[in-house]
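The values are calculated or read from the model by the stated rules, or taken from the named source; none is laboratory data. Because the structure is predicted, anything quoted here is derived from the model rather than measured. Every residue, glycine among them, receives a Cβ derived from its backbone with ideal geometry; neighbour counts consider all protein chains shown.
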Amino acid sequence: MKLCGLTGGVGMGKSTAAGFFLRSGVRVVDTDELARRMVQPGQPALAEIQAEFGAHLVSSAGVLDREALARLVFADKAARKKLEAILHPRIRAAWQAQVETWRQDNIALAVVVIPLLFETQAELSFDWLICAACTPAAQHERLLARGWSPDQIRQRIAAQLPVAQKIARSHFVLWTEGSLGAHELQAARIRARLSSPVA
């Protein structure tokens, strides 16, 4: 099996790229989705987060206030590191278990979406690395459209490796400006290359 890691800066089109790969028949697991599952009511990670950061972050129904937690950890590097220590080992174990299942099923090509791929030193787990990227101006515009403030945008970007470094360390760059059709065509070309026997 050829295993690809898909990364990129926040707001740069990772999820859209992953969707194109998935619709073309490639197996995909998104670590952001795994993280969301791990903080659902009753999950051990949620209990750890509540113990570490305070009961006020969890409603009476056991639901995590994700926005409040994000505000806290992106404003405080030490707090962010504590959250990562709770979540990252669980996330890595989950995607690795999925990859092992795909290997046993003889899947030819699979993609794992990891926003902090290089930051968590996960790159050695993959045969190929893909970076979804766009200009800083487009990134800023997309994040503003999410309703984020300029301070929130600055904090989120500062928490990640500069995208230029991610591009330099990747085998493929999927440029996400322009039409969705152009975006999809790039994904199809990368998939064709990776599906080739000589890749």
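Output the number of residues of the range 133-149 satisfying the condition of being buried (at least 18 other Cβ atoms within 10 Å of the Cβ) and not in a helix (DSSP H, G or I).
Residues that pass the stated criteria total 3.
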Q. Does at least one position in the range 34-47 carry a residue that is aliphatic (A, V, I, L, M), surrounded by 15 or more Cβ atoms within 10 Å (Cβ to Cβ), free of Cβ contacts under 8 Å to residues at least 60 places away in the same chain and touching a Gly at 6+ places or on another chain (Cβ under 9 Å)?
A. yes
(Q) Just the residues that are of a type in the set (Gly, Ala, Ser), farther than 17 Å from residue 36 by Cα, surrounded by 11 or more Cβ atoms within 10 Å (Cβ to Cβ) and under 24 Å from the mean Cα position of the chain (by Cα), please, taken from the range 51-78. (A) 75
Q: For the range 23-33, enumerate the residues that are out of contact with any helix residue (DSSP H, G or I) (no Cβ under 7 Å at 6 or more places or on another chain) and either without any contact (Cβ under 8 Å) to a residue 60 or more places away in the chain or part of a loop (DSSP other than H, G, I, E, B) (or both).
A: 23, 25, 33
Q.
Return the residues of the range 150-165 that are touching a Lys or Arg at 6+ places or on another chain (Cβ under 9 Å) and assigned to a loop (DSSP other than H, G, I, E, B); say none if nothing qualifies.
A. 159, 160, 161
Q) With respect to residue 130, is the statement that it is surrounded by 18 or more Cβ atoms within 10 Å (Cβ to Cβ), in a helix (DSSP H, G or I) and modelled with pLDDT of 95 or more true? A) no
Q | Residue list for the range 83-124, restricted to those being part of a loop (DSSP other than H, G, I, E, B) and either farther than 18 Å from residue 33 by Cα or aromatic (Phe, Trp, Tyr) (or both) | A | 105, 106, 107, 108, 118, 119, 121
Q) Out of all the residues in the range 182-196, which are more than 14 Å from residue 6 (Cα to Cα) and of a type in the set (Lys, Arg)? A) 189, 193
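Based on what the data block shows, is residue 118 under 19 Å from the mean Cα position of the chain (by Cα), modelled with pLDDT of 95 or more and either under 30 Å from residue 26 (Cα atoms) or not polar (S, T, N, Q) (or both)?
Values: under 19 Å from the mean Cα position of the chain (by Cα): yes; modelled with pLDDT of 95 or more: yes; either under 30 Å from residue 26 (Cα atoms) or not polar (S, T, N, Q) (or both): yes.
It is true that residue 118 is under 19 Å from the mean Cα position of the chain (by Cα), modelled with pLDDT of 95 or more and either under 30 Å from residue 26 (Cα atoms) or not polar (S, T, N, Q) (or both).
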**Q.** Inter-residue pairs, beta-carbon under 9 Å, first modelled with pLDDT under 95 and in the range 74-95, second in a helix (DSSP H, G or I) and polar (S, T, N, Q), 6+ apart
**A.** 74/152; 74/155; 75/155
Q: Inspect all residues belonging to the range 54-73 and state whether any of them is at pLDDT 95 or above and among the hydroxyl-bearing types (Ser, Thr, Tyr).
A: no
Q: Inspect the range 3-17 for any residue being surrounded by fewer than 19 Cβ atoms within 10 Å (Cβ to Cβ), in contact (Cβ under 8 Å) with a residue 60 or more places away in the chain, assigned to a loop (DSSP other than H, G, I, E, B) and in contact with a helix residue (DSSP H, G or I) (Cβ under 7 Å, 6 or more places away or on another chain) and give the result as yes or no.
A: yes
